[in-house]
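The values are calculated or read from the model by the stated rules, or taken from the named source; none is laboratory data. All figures in this text were calculated on a predicted structure; none of them were measured in a lab. Here the Cβ positions follow ideal geometry from the backbone for every residue, glycine too, while neighbour counts run over all protein chains shown. These area figures cover heavy atoms from the full protein model, side chains too; ligands, DNA and RNA do not enter into them. Shrake-Rupley method; radii C 1.70, N 1.55, O 1.52, S 1.80 Å.
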Amino acid sequence: MTASAAGLAGRLGRYGLGTAPLGGLFAPVSEDEAEQVLAAAWQAGIRYFDTAPHYGSGLAEERLGRFLRALPRDAAAEAVVSTKVGRLLVPGQGEEEGFPGRTGFVRVRDYSREGVLRSLDDSLTRTGLDHFDLVFIHDPDDHWEQAAGQAFPALAELRDQGVIGAIGAGMNQAEMLTRFVRETDLDAVLVAGRYTLLDRSAAEQLLPECERRGVAVVAGGVFNSGILAGGVTYDYDAAPPEVLERVRELGRACAAHGVPLPAAALRFPHRHPAVANVLIGARSAEEIREDLALAAADIPDALWEDLNHAG
């Protein structure tokens, strides 16, 4: 375990705010709405904020930066901010890639040393911050050699110099994250959608490996893009019939104990000792308040036993 990893988990808090919705994921969010979400999260005690250039072609970074810079200096010092490298933003007419409304940039995959340094410099400019507490290598699914061979060493140098606080990798799969944990000295991983009530694949190798090596785990996508919170999408697509049936079964188990299914979904990742933080994504201040109220719900041990069978 690195010194960076040792101090990171305690600083994250149990819940953090993922800013993809504030970048306009699936539908635009206004400036006022984004400001209200950030304010509600801060007022509720959330101090960890995760962002990325990918989210709205830099829009989420800009909005988060404006909010944090407007806080009193002593308060702002409490914030823990992570961003990501791997997608450079180049001016041009690009694809929406899930973020409608801001298409004046082309996303270019680049996990080279030069790309990492440029990406971080751009992110610092967009946020107006002078430091990131944590930097994730973002979705390097088809770029292992460059991500492990260039992006990670570049970030390790910056960590050693104190330019960034810690290094992570963030993905929607567990297999490559496990390889990162085994072959590099990451401080954290962000595993999205792979440790949920519906998909527990990260528990097979990734979470035990992180626990053994002292790597902090941030769990994202705990609603599997909406299906566990009353929606109809699973992993960013229409949920297939077999998934819908499993969700109904999970819902029946929760209802038998008087617990909302989203409450169980929010709490589930924290049942594993390797998980340090669960990210919440919200498009409104009311969603933040609702999610944190659900996260505080009383859940009997018997429900977890029933969910293990249902899941």
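Here are the numbers:
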read-out	value
Rounded to whole Hz, the Karplus (6.51, -1.76, 1.60) HN-Hα couplings of region 229-241, x for glycine and proline	10, x, x, 10, 9, 10, 6, 6, 8, 4, 5, x, x
Choice from 104, 65, 16 showing the highest fluctuation, given a GNM over the chain with Cα pairs closer than 10 Å	104
Probe 1.4 Å, protein heavy atoms only - accessible area per residue of region 57-122 in square angstrom	46
Relative intensity, log₁₀ I(q)/I(0), of the chain from a Debye sum that treats every alpha carbon as a point, q = 0.15, 0.16 Å⁻¹	-1.24, -1.42
For the chain, built as a Gaussian network whose Cα springs stay under 10 Å, the top-fluctuating residue of 147, 293, 202	293
Pair residue 293, residue 44: separation of 7 Å Cα→Cβ label points (nm)	1.1
Accessible area of the chain belonging to carbon and sulfur atoms, whole % at 1.4 Å probe	49
Inter-label distance for residue 93 and residue 305, nm, one decimal - labels placed 7 Å from Cα along Cα-to-Cβ	6.2
Helix 301-310 vs. the chain, principal-axis angle (Cα, 0 to 90°, nearest 10)	80
Magnitude of the charge dipole, region 121-178, Cβ model with Lys/Arg +1 and Asp/Glu -1, debye to 20	160
Rounded tilt (10° steps) of 3-12 against the dominant C-alpha axis of the chain	50
Integer Hz, Karplus 6.51/-1.76/1.60 couplings in order for region 161-168, x for Gly and Pro	7, x, 6, 10, x, 7, 10, x
Gain in span if fully extended, residue 70 to residue 270, counting 0.36 nm per residue against the direct Cα distance	68.8 nm
Computed over region 242-311, the ratio Rg/Rh where both radii use C-alpha atoms and Rh is Kirkwood	0.98
Fraction of the pair-distance distribution of region 140-214 above 22 Å, Cα-Cα pairs, percent	23
Cα-based Rg of region 1-123 normalised by 2.2 N^0.38 Å, two decimals	1.11
Of all DSSP beta bridges in the chain, antiparallel share, percent nearest 5	20
Heavy-atom surface of region 211-311, accessible at 1.4 Å and reported per residue (Å²)	46
Karplus (6.51, -1.76, 1.60) ³J(HN,Hα), θ = phi - 60°, over region 37-46, in Hz, Gly and Pro reported as x	4, 5, 5, 5, 5, 5, 5, 7, x, 6
